[in-house]
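The values are calculated or read from the model by the stated rules, or taken from the named source; none is laboratory data. Given the structure is predicted, the values throughout are model-derived calculations rather than measurements. Counting neighbours? That spans all protein chains shown, and the Cβs are built from the backbone with ideal geometry, glycine included. Accessible surface is based on the protein model in full, side chains and every heavy atom, while ligands, DNA and RNA are left aside. Shrake-Rupley method; radii C 1.70, N 1.55, O 1.52, S 1.80 Å.
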Amino acid sequence: MTRTIGILLFDDAEELDFVGPYEVFTMMNEVLKRQGHAPSHDVLLLAEREGAIRCAKGMTVLPHHTLKAAPPLDVLLIPGGMGTRREVENKHLLEWIANVSARCTWITSVCTGALLLAAAGPARGRRVTTHWGFVEQLRARGEVAEVLENIRYVRDGQIVTAAGVSAGIDMALWLTGQLHTPALARAVQRAMEYDPAPPYSAEV
């Protein structure tokens, strides 16, 4: 059975927050094909309106569908970025997140996407994480049970939240292991050449 993964886009979304997981989920299909299996997921970029979305660092992206035209989703991913501060006041978008989440198997966010998950309802009363620079602001809103620090991603039931930017790749690989098997997740990781070794990771 083909599952549908929807990635929400909005102006000023942080690029790697959604491009990283998009690469994981689409590479999952590529690896399955190489193994002689049919692709298992449709991976769709969704936005409130038609036309190009201008992301936080200037990348422009064309969504596959508007929210209104989107098919039912099995997985929802919400990226972060400065646009979340505006979209948290978007009642139509928050209602869409709440309605879609009620039918999803997994509901996920990267970075400050957790703000929208909390405001819309799915992450209220849950343990979450977010970008280190937004931890205190999210705590101050009082919508979630706990905001964890210094952790790449957090699962609380069907809610999975990742810290900033590259942590979304880790979360998407973990989710691949849940949707299929850890062995497939490892194969996807290898296919992506994802083996982080930051050149300046420690202070001298």
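Please work out which residue is most open to solvent (accessible area, probe 1.4 Å), limiting yourself to region 83-103 and to residues that are closer than 16 Å to residue 124 by Cα and not in a helix (DSSP H, G or I).
My answer is 102.
Just the residues that are open to solvent by 30 Å² or more (accessible area, probe 1.4 Å) and either in a loop (DSSP other than H, G, I, E, B) or over 21 Å from residue 115 (Cβ atoms) (or both), please, taken from region 40-62.
42, 48, 49, 50, 51, 52, 56, 57, 58, 59, 60, 62
Collect the residues in region 122-161 that are part of a loop (DSSP other than H, G, I, E, B), among the small types (Gly, Ala, Ser) and without any contact (Cβ under 8 Å) to a residue 24 or more places away in the chain, keeping them in residue-number order.
Those that are part of a loop (DSSP other than H, G, I, E, B), among the small types (Gly, Ala, Ser) and without any contact (Cβ under 8 Å) to a residue 24 or more places away in the chain: 125, 142, 145.
For region 20-39, which residues satisfy the criterion of being open to solvent by 60 Å² or more (accessible area, probe 1.4 Å) and either part of a helix (DSSP H, G or I) or within 22 Å of residue 93 (Cα to Cα) (or both)?
22, 23, 30, 33, 34
Restricting to region 1-19, count the residues that are out of contact with any Cys (no Cβ under 7 Å at 6 or more places or on another chain) and open to solvent by less than 20 Å² (accessible area, probe 1.4 Å).
8
This table checks each residue for (1) modelled with pLDDT of 95 or more; (2) open to solvent by 20 Å² or more (accessible area, probe 1.4 Å).
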| residue | (1), (2) |
| --- | --- |
| 130 | yes, no |
| 139 | yes, yes |
| 156 | yes, yes |
| 198 | no, yes |
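Could you say which residue among 177, 164, 168 is at pLDDT below 95 and either assigned to a strand (DSSP E or B) or open to solvent by less than 40 Å² (accessible area, probe 1.4 Å) (or both)?
Just one listed residue meets the conditions, 164.
Can you confirm whether residue 189 is open to solvent by 40 Å² or more (accessible area, probe 1.4 Å), in contact with a Leu (Cβ under 9 Å, 6 or more places away or on another chain), in a helix (DSSP H, G or I) and within 30 Å of residue 118 (Cβ to Cβ)?
yes
Mind checking which pairs have a first residue in region 98-109 that is free of Cβ contacts under 8 Å to residues at least 12 places away in the same chain and a second that is in a strand (DSSP E or B), Cβ under 7 Å, 6 or more apart or different chains?
Close Cβ pairs (under 7 Å, with a partner that is in a strand (DSSP E or B)) do not exist here.
Tell me yes or no: at least one residue of region 106-115 is in a helix (DSSP H, G or I), among the polar types (S, T, N, Q), closer than 28 Å to residue 68 by Cα and within 16 Å of the chain's Cα centre (by Cα).
no
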